[in-house]
Amino acid sequence: MSQQTSVLYDVPGPRQRRITLISSLVAGLVLLVGAYFLIYRPLDDKGQLSMELWGPLIDPSNENFSQVWDRIGLGFKNTLFAAALAIVAALVVGTLLAVLRVQLKSLTRLRFTGMATPVAYLLRGLSALLSAVTRVCVEVFRGLPVVITIFFVARGFPEFGLYLDNLWYLVIGLTIYNSVVIGEILRSGMEGLPGGQAEAASAIGLSPAQTTWMILLPQSFRIMLPALISQLVVVLKDTSLGFIISYEETLNIGKQIIGVLGNPIQVYVVIAVLFIVVNYSLSKLAQYVQRRLAKGRKTAGTPAQNPPATALMSQAEGAGGV
Amino acid sequence: MNVLIDKFDVFAGGFWLTLQICILAAIGALILGAVVAVLRISPVPPLRGLGTSYVNVFRNMPLTVVMFFAAFGLPALGSNADFLRIPVIDSLFARLGTDLPYFRFALIALVLYTAAFVCEALRSGVNAVPAGQAEAARSLGLTFGQNLRHVVLPQSWQASVVPLGSVIIAMIKNSALAGFFGVVGDLSAAADQLTGAEGYAFIPVAIGISIGYLIMTVPLGALLDRIEKRQAVAR
């Protein structure tokens, strides 16, 4: 990427060096001012000792240190747990959804020959109806904010007498949204595979179900692996919505700590750093996997082309999440 | 289903307020995102580092944390976000001037968070411009700024429309969070109020709120699909 944009650069020279120097100063100034406002200023404003508000977070000899970090550790464990559950569930449901949609699509194209005409019409109508229903479901749940989905689950389930732990409301809400997203990624992966794959499979006598499970799905899983890891980042970020239904995840516990110790900026900075470190490593992992997959393709003898994963990944990242 | 008719003004008001947040946040995020994108592709390493770290920080942080920071952290820093009170805009978007500062805080959080994604969308557009174009412009002796303005950005615009659109859709959905941070009366706050405090039946309220969001997101998504298809044909 940097290679491509590098051709935009000016020729190095005294002017360039001057600009670099000035902008270094500007960038340094921006960082300094940011650090001042985030770290020093709030302490100074309260007129308290400089360690008083940071102490519980960075000073091991502080009386609250181990307790605060135990709580944050618990919160982060809960965050990871909910995210893991949600991504596994979304993977399962999303795969089923993708297979369903692909199968329904091929069903609606079938003519159901060799059957009595009314039965054929009935089957065709039925598959078209099912296909439309799944499509509408996907559009609706993709168009709704995750917050609203989680909120609806948490408020709606008790209405029908289903009382669950807050964890499950959060996981179900996240699963609904992410299974739709993962399902769409998988489906576009399956439909984007070269048509010859399915044809060859049916030529050697595999049934449509076998073709899907043994030929199409494994290949599209391979393509979607980087997208899946990026989606994991999105889920990890989305778990912080658990605070709405008072699930004890990182942010909620941070809120509790702030309530007791009264140090909002410090706790938010720590939580932000925690999330940034984990998510940044995950997105680097996604990039690494993507590069590996691209390399594998080249050595396998296929023409060197942009793996579709690139498109899928940007799609997943573009979605943003919360 | 009576709630949909009886409380239609609540739904309509929520829709209107969500729309206001989205319009203001979209404008802000597009401007800030464009600035960060120019930083990220600029020839000067420190500026590039600044842009890159901005994107990495805000893309890997949950919006919830950004919202919390804006709504509860900024006041601790001594800001009421009064700098967002601009007479002309205040009269257009009444909430900016009269509401509790939460409206402005939610706006700040949305703009900061979305700008990182806007930047990436714009940059992916720049990367889609064939390198030869920029090389040719360089060999003609255009400077970085001229190259960007006359050659690269006009072409990158086409490639970044679709990703920009999905960023905006994501932002509309993210704006739902504002209602849980003290912004009174947007769609998600309306859902909370109607099903919680006023105790209306859940299903009709859920349907009403969902329709509100889907009115904003689904047509935009369909439009993007059409643009994408047309571009694919053009290529």
For this session: Could you tell me whether segment A:57-140 comes out rounded, prolate or oblate from its Cα gyration tensor? Rule is a ≥ b ≥ c as square roots of the eigenvalues, rounded for a/c under 1.5, then prolate if a/b exceeds b/c, otherwise oblate.
Result: prolate
Exercise. How much of the accessible area of segment A:111-213, in percent, comes from carbon and sulfur atoms when a 1.4 Å probe is used?
Worked result: 66 percent
For this session: Take the Cα atoms of segment A:228-287, find their three principal axes, and give me the spread along each one in whole Å, biggest first.
Result: 40, 24, 11
Problem set entry | Shielding by partners - mean other protein chain Cβ count within 10 Å, residues of B:166-179 | 5
Seminar exercise, completed: Rounded to one decimal in nm, the spacing of the 7 Å Cα→Cβ label points at A:Val277 and A:Phe81 is 2.2 nm
Seminar exercise, completed: For segment B:100-226 the translational diffusion coefficient, Stokes-Einstein from a Kirkwood Rh over Cα pairs at 37 °C and viscosity 0.692 mPa s, in µm²/s, is roughly 189 µm²/s
For this session: Classify the protein assembly as shown as rounded, prolate or oblate, taking a ≥ b ≥ c as the square roots of the eigenvalues of its Cα gyration tensor: rounded when a/c is under 1.5, otherwise prolate if a/b is larger than b/c and oblate if not.
Result: oblate
For this session: Report, to the nearest whole %, how much of the accessible area of chain B belongs to carbon and sulfur atoms, 1.4 Å probe, protein only.
Result: 68 percent
For this session: Please give the FRET efficiency for A:Lys295 paired with B:Asp6, using the beta carbon to beta carbon distance and R0 = 56 Å, rounded to the nearest 0.05.
Result: 0.35
For this session: Take the Cα of B:Thr52, step 7 Å along the line toward its Cβ, and report every residue of segment A:20-39 whose backbone nitrogen sits under 19 Å from that point.
Result: A:20-32
Exercise. Zone of A:Leu162 (label point 7 Å along Cα→Cβ, backbone N under 11 Å): which residues in segment A:129-148?
Worked result: none
Exercise. Once Rh for segment A:120-198 is found with the Kirkwood sum over Cα pairs, what is the Stokes-Einstein diffusion coefficient at 4 °C and 1.567 mPa s, in µm²/s?
Worked result: 87 µm²/s
Seminar exercise, completed: Extend 7 Å from the Cα of A:Leu25 along its Cα-to-C-beta direction; within segment B:36-63, residues with backbone N under 13 Å of that point are none
For this session: Enumerate the whole-percent occupancy of each 5 Å bin, from 0 to the last occupied one, for all C-alpha pair distances of segment A:182-229.
Result: 5, 24, 32, 21, 12, 5, 2
Exercise. Ordered by packing density, taken as the mean number of other Cβ atoms within 10 Å over each peptide's residues, highest first, how do A:71-80, A:249-258, A:177-186 rank?
Worked result: A:177-186, A:249-258, A:71-80
For this session: May I ask you to compute the full-extension gain from A:Val92 to A:Val260, defined as 0.36 nm times their residue separation minus their alpha-carbon distance, rounded to one decimal in nm?
Result: 56.4 nm
Exercise. Ordered by packing density, taken as the mean number of other Cβ atoms within 10 Å over each peptide's residues, highest first, how do A:215-224, A:161-170, B:169-178, A:55-64 rank?
Worked result: B:169-178, A:215-224, A:161-170, A:55-64
Seminar exercise, completed: Here the gain from full extension of B:Ile227 to B:Leu214, 0.36 nm per residue of separation minus their alpha-carbon distance, amounts to 2.7 nm
Problem set entry | Exercise: per-residue mean of other protein chain Cβ atoms within 10 Å, B:68-76 | 6
For this session: Return the average number of partner chain Cβ atoms within 10 angstrom of each residue Cβ along peptide B:199-206.
Result: 3
Exercise. Given 0.36 nm per residue, what is the gain on full extension from A:Arg124 to A:Glu199 after removing their alpha carbon distance, in nm?
Worked result: 24.8 nm
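The values are calculated or read from the model by the stated rules, or taken from the named source; none is laboratory data. As the structure is a computational prediction, the values presented were derived from the model and not from experiment. All Cβ positions, even for glycine, are placed from backbone atoms using ideal geometry, and neighbour counts span all protein chains on display. Each accessible area value is taken on the protein alone, full model and side chains, heavy atoms only, with ligands, DNA and RNA left out. Shrake-Rupley method; radii C 1.70, N 1.55, O 1.52, S 1.80 Å.
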